[in-house]
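The values are calculated or read from the model by the stated rules, or taken from the named source; none is laboratory data. Small disclaimer: the values here were computed from a predicted structure and weren't measured. Here the Cβ positions follow ideal geometry from the backbone for every residue, glycine too, while neighbour counts run over all protein chains shown. Areas reflect the complete protein model, heavy atoms only, side chains present, ligands, DNA and RNA absent. Shrake-Rupley method; radii C 1.70, N 1.55, O 1.52, S 1.80 Å.
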Amino acid sequence: MKTALLTVILLLIIIAPSTAQDSNLTDGCITDFDAAIDYFPQKTEVVDADNLTISYHGHYKLVQVGDAYDGAPAFDYVLVQCGAPAPSGEDFAANAQFIEVPAGKMIALSTTQLPALSLLDILDHLVAVDSGFYISTPEVIEKIESGAIAEIGFGAEVNIELALELDPDLVLSYGYNPDTDAHPVLLEAGIFTALNASWRENSPLGRAEWLKLPALFYNQEARANEVYAEIRAQYAAMSDLAASIADEEQPRVLKNSYSSYSDAWFSPGADTYVGKLIHDAGAELALPSDDPAGSQPYSFEAAYEQGLGADIWLVDTFGVASAADLLALDSRFADFAAFESGSLWNNNRDVNPNGGNNYYEWGVVNPHLVLADLLAIFHPQLLPDHEFTYYRRLSEA
């Protein structure tokens, strides 16, 4: 009797549908949908980014992107587990797009998106970029040269015929102006296009956390959590080290330079991406913006008066490879204390032959390395053996 009862129980266990799943499916589809199963047991949550929201609903995820560009509406992306029915009746935004995950082929239209694909081990899904001209990621360059990755052009001039021929599951794009951007053209052609708004984030970690966006399309939350946790921990370690510096020992730092093209010297606010990096590295801005969350244009005269005695100058100007290059822009730069002392730095240590600056590519997902560079510039005694990743002293040129 006991043996028979045990046999029945075992049979029930074997044939009963599972109500749990140990990990996300990163390959293939489910074959027997069960509404009771959570198909995304490996989840992620947004902790630092302000414009990215993620929620899980058993067999689909709702990804919402806000403030993608000035005046942009919120964008809803509904990611449905392949093999499960699309949700209906929910209150999605009118612009909601639906896609099955894990996705297949992808097109990425910004160099800032490529490092995330590399870190998440999903570069094999990439079939096209806008252009390889400014790209620094070696694996992508190799694939472009071999013909494995195509180039489809920029903005509204994107090659729609080629994009359709490549038949991507999704395009990762960005927004500046809907009249000139690629995403309205791609959407009109019926191609799923998601906007990456990392550039709108005002914190270094907030920008880096957008590496989770492509992870969501491939059910790679576990990998994204692992990668981002390490970035966050290393950033905190550098920031904590800088916090040991007394206020009176913090150098005054100039950022950028005067441009005759714009007739202004733009300096960031304390709460901007750059302002927070400088603060977290133990320094203060010599030309702070009156708008903490934005940049302020200074005339040369105003910048000269307030920034003349700054201790360090982060020139961060395209085409400036030496102190002589800086002086060629304006001879009055020689009067600045930072110029006289040789405390001139530019973020162009790693530039490709076409001028593509890796600071604006891998630096986005490596804010801890950017912060380490700045900390070594501002307080070299704290990192005496530091090897610079993105910055270099102009006098070394």
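A few comments on the model shown:
- Residue-averaged [θ]222 nm for the chain, counting only DSSP H segments that reach four residues, each worth -39500 (n - 2.57): -8000 deg cm²/dmol
- Pairs of Lys residues in the chain that lie 8 or more places apart, or on two chains, and have C-alpha atoms under 21 angstrom apart add up to 7.
- Under Karplus coefficients 6.51, -1.76 and 1.60, residue-wise ³J(HN,Hα) of the stretch 310-316 in Hz, glycine/proline x: 4, 6, 9, 10, 8, 5, 6
- Those GluC sites (Glu not before Pro) in the stretch 32-108 that DSSP places in a loop and that have at most 12 other beta carbons within 10 Å: E45, E90
- 3J(HN,Hα) from dihedral phi, the stretch 22-30, Karplus parametrisation 6.51/-1.76/1.60, rounded to Hz, x for glycine, proline: 6, 8, 5, 7, 9, 8, x, 10, 6
- For the pair S146 and L308, the difference between a 0.36 nm per residue extended length and the Cα-Cα distance amounts to 53.3 nm.
- Divided by 2.2 N^0.38 Å, where N counts the residues, the Cα radius of gyration of the stretch 233-332 comes to 1.13.
- Solvent-accessible area of D181 with every protein chain in place, 1.4 Å probe, in Å² to the nearest 10: 10 Å²
- Projecting the Cα positions of A74, I377, I54 onto the charge dipole of the chain (unit charges on Cβ atoms of Lys, Arg, Asp and Glu, taken about the Cα centre) puts I54 furthest along the positive direction.
- The distance separating the Cα centre of the stretch 211-272 from that of the stretch 331-383 comes to 13 Å.
- Summed over the residues of the chain and divided among them, the accessible surface reaches 46 Å² per residue at a probe radius of 1.4 Å.
- The P(r) of the stretch 32-155 has a tail past 22 Å containing 49 percent of all C-alpha pairs.
- Most simply put, the stretch 236-378 has about 45% antiparallel DSSP beta bridges, counting only bridges with both residues inside it.
- Distance between the 7 Å Cα→Cβ label points at D263 and A86: 5.2 nm.
- Using a probe of 1.4 Å, the accessible surface attributed to W199 totals some 80 Å² when neighbouring protein chains are kept in position.
- Point-charge dipole on Cβ atoms (K/R +1, D/E -1) for the chain, about Cα centre, debye to 20: 740 debye
- Amide H contacts under 5 Å for T193, placed H, 5+ residues apart: V171
- Per-residue accessible area (protein heavy atoms, 1.4 Å probe) orders C82, C29 as C29, C82, starting from the largest.
- Helix axis angle, 221-242 relative to the chain longest principal axis, alpha carbon, degrees: 30 degrees
- For L126, distant residues with modelled amide H under 5 Å away: M106
- Electrostatic tally near E157: other residues with Cβ closer than 11 Å to its Cβ, Lys and Arg +1, Asp and Glu -1, net -2.
- By accessible area, using a 1.4 Å probe on protein heavy atoms only, the chain has 52% of its surface on carbon and sulfur.
- By the Stokes-Einstein formula, at 0.692 mPa s and 37 °C, the chain with its Kirkwood radius over alpha-carbon pairs has D equal to 140 µm²/s.
- Close amide H contacts of T317 (hydrogens built in the peptide plane, cut-off under 5 Å, sequence separation of 5 or more or a different chain): N347.
- For the stretch 358-369, putting each phi into the Karplus relation 6.51 cos²θ - 1.76 cosθ + 1.60 with θ = phi - 60° gives couplings of 5, 4, 8, 10, 6, x, 5, 9, 10, x, 5, 6 Hz, in residue order, rounded to whole numbers and with x for Gly and Pro.
- Between D67 and D27, the modelled label-to-label distance comes to 4.0 nm, taking each label 7 Å out from Cα in the direction of the beta carbon.
- Nearest-10 value in Å² for the accessible area of Y134, using the 1.4 Å probe: 120 Å²
- Angle in degrees between helix 2-15 and the longest Cα principal axis of the chain, rounded to the nearest 10: 50 degrees
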